[in-house]
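Chemist: Sending over a structure as structure tokens; questions will come in a sec.
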Amino acid sequence: MTGFPRLSAERPARVVVVGAGSMGSWWAREVVASGVAELVGVADLVEGAPQRVIDQSGAEDPAAVAVGADGVDLALELGADLIVNPTVPVAHHPVTVKALHAGIPVLGEKPVTETLPEAISLLAHAELTGVPFMVSQSRRFFRQVRQLRSFVAAHGPTVMTSAFFSLFTEMEGFRRTQDHPLLRDMGIHAFDTARYILDADPVAVTARGTRPEWSVYHHDATVSATFEMSDGSLFAYHGTWNARGRPTWWNSEWRIGAQHGSATWDGTGAPVVGTEDEEETARLQAAIDAETAPEPDQIAASLVECVSALREGRTPMCEIHENVLSFAMVEAAVAAVERGERVEIDELLEQARVEAIAAEADEQAREIMRSWSSVREALVAGS
């Protein structure tokens, strides 16, 4: 991102939030509370929705925050430095493409977009415009996730990692009729976290889903998926919205087995680590337990990371090139459930590229997609 003009560090980043739903409300509150940004506008197609978000945001002067129907137009009018895009997934592609071509950096909510071909298209538009585009994968910004990543780096390679998620949830709205709601809503959190902790990428996946008779969901909200990773290890994800009692936290429960040590994390407290050396184990655990200073996490930390990268002229964590493989893990797991067979990630990426080229309206973006030797190579080069 060194070719994009740096944001001044002498003032907060001027932010427009596009989308006035529940996530838009959360983002607006975080922007107002942040020391690195200020809320200058909120946009939504629903009349009155932006004002409701502003009124609950904690803004010192709600009347000074502008409203509009089109977030990109509003951002241009206000001279905003950044668009935060927590719209519904179907709107992620058009809003982001318009913003990038208008020269406005985007911090988007997960998933990057609704379909993998659309994600590949956004990759091309980011390369075409050179405008920064980061996806907020908020789970990366927990202190415990960073601690696990450091432990694996020092005690790997890993052989087996598992994440177990169980929370009885009966969501209203589109999730009830959505295909594979658990994978598409929750899976990406664990998948992206695994990539970050292991510093490894997915190669292939097998998966199975089930729908118990008491489920309110029309499709499977209980899934088991096993990924083959680029470091030769396995990552197993087991998730359900259908089991009552003994719930996990939203972060799942983790166990990591590596050559020189293992670690567990209950999803909320400090990780517990172990090696064959008792003294080393005690020293490592004491260092982890000693890290108690408050620090931003979740979307508050995503905002800090994005603004900091814009100020420093560097590529932010979770930039589109880095993020696509996390989204591909979701879609590969979905495909594995539907086909009942092992799915290779690269095969899925290349098919998505074919579909993205066919659907792309911008000839320059099509040419960029055609120019890649492979999608994975493009992701690696961009990261």
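Just so you know, all these numbers are worked out from the coordinates, no wet-lab data involved. All values derive from a computational prediction rather than experimental measurement. Cβ placement follows ideal geometry from the backbone for every residue including glycine, while neighbour counts extend to all protein chains displayed.
Chemist: Once you wrap a convex hull around the alpha carbon atoms of the stretch 143-290, what is its projected area averaged over all directions, in nm²?
Modeler: 9.1
Chemist: Place a point 7 Å from the Cα of Glu347 along the Cα-to-Cβ direction; which residues of the stretch 110-140 have their backbone N under 19 Å from it?
Modeler: Inside the label zone: 116-117.
Chemist: Also: Determine the shape class of the stretch 232-292: with a ≥ b ≥ c the square roots of the Cα gyration tensor eigenvalues, call it rounded for a/c under 1.5, and otherwise prolate if a/b is greater than b/c, oblate otherwise.
Modeler: In terms of gyration-tensor shape, oblate.
Chemist: Taking only DSSP H segments of four or more residues, each worth -39500 (n - 2.57), what value at 222 nm results for the chain once the sum is divided by all its residues, to the nearest 500 deg cm²/dmol?
Modeler: -13000 deg cm²/dmol
Chemist: Putting +1 on Lys and Arg Cβ atoms and -1 on Asp and Glu Cβ atoms, find which of Thr210, Phe151, Leu82 reaches farthest to the positive end of the dipole of the chain.
Modeler: Thr210
Chemist: Is any residue of the stretch 146-169 close enough, with backbone N under 18 Å, to a label point placed 7 angstrom from the Cα of Glu280 along the Cα-Cβ axis, and if so, which?
Modeler: 148-160, by backbone N distance to the label point.
Chemist: If I take the Cα coordinates of the chain and project them onto the principal axes, what are the three extents in Å, biggest first?
Modeler: Extents along the principal axes: 60, 49, 46 Å.
Chemist: Once a ≥ b ≥ c are taken as the square roots of the eigenvalues of the Cα gyration tensor of the stretch 331-383, is the result rounded (a/c under 1.5), prolate (a/b larger than b/c) or oblate (a/b not larger than b/c)?
Modeler: oblate
Chemist: In 10 Å bins starting at 0, how do the alpha-carbon pair distances of the stretch 260-346 split up by percent?
Modeler: It works out to 13, 23, 27, 30, 7, in whole percents.
Chemist: Okay, next question. Between Glu377 and Asp289, how many nm apart are label points set 7 Å from Cα along the C-beta direction?
Modeler: 5.1
Chemist: Using a ≥ b ≥ c from the Cα gyration tensor of the stretch 1-149 (square roots of the eigenvalues), is it rounded, prolate or oblate, where a/c under 1.5 gives rounded and otherwise the larger of a/b and b/c decides, a/b for prolate?
Modeler: In terms of gyration-tensor shape, rounded.
Chemist: Moving on to the next point. Projected onto the charge dipole of the chain (+1 at Lys/Arg Cβ, -1 at Asp/Glu Cβ, origin at the Cα centre), which of Ser326, Val337, Ala221 gives the Cα projection farthest towards the positive end?
Modeler: Of the listed residues, the answer is Ala221.
Chemist: Which order, highest average first, do 289-298, 191-200 follow once you tally other Cβ atoms within 10 Å for each residue and take the mean per peptide?
Modeler: 191-200, 289-298
Chemist: In whole Å, what are the extents of the stretch 157-207 along the principal axes defined by its C-alpha atoms, from largest to smallest?
Modeler: Result for the stretch 157-207: principal-axis Cα extents of 42, 20, 17 Å.
Chemist: Continuing with this model, one more query. About its Cα centre, how strong a charge dipole does the stretch 34-134 have in debye, to the nearest 20, once Lys and Arg get +1 and Asp and Glu get -1 at the Cβ?
Modeler: 260
Chemist: Provide the FRET efficiency to the nearest 0.05 for the Ser150-Glu47 pair, computing r from the beta carbons and using R0 = 41 Å.
Modeler: Computed FRET efficiency for Ser150 and Glu47: 0.25.
Chemist: Magnitude of the Cβ-charge dipole of the chain, K/R +1 and D/E -1, about the Cα centre, nearest 20 debye?
Modeler: 360
Chemist: So for each of 13-20, 253-260 I average, over its residues, the number of other beta carbons within 10 Å; can you give me the resulting order with the highest mean first?
Modeler: Ranking, from highest mean packing down: 13-20, 253-260.
Chemist: A further question follows. Where the only charges are on Cβ atoms (+1 Lys, Arg; -1 Asp, Glu), what is the dipole of the stretch 143-290 about its Cα centre, to the nearest 20 debye?
Modeler: So the magnitude is around 480 debye.
Chemist: With both bridge residues required to lie in the chain, what share of the DSSP beta bridges run antiparallel, to the nearest 5%?
Modeler: Once the DSSP bridges in the chain are tallied, antiparallel ones form about 55 percent.
Chemist: Further, regarding this structure: Which of Ala163, His180, Thr275 sits closest to the plus end of the dipole of the stretch 143-290, meaning its Cα is farthest towards the positive end, when Lys and Arg get +1 and Asp and Glu get -1 on the C-beta?
Modeler: Value computed over the given set: His180.
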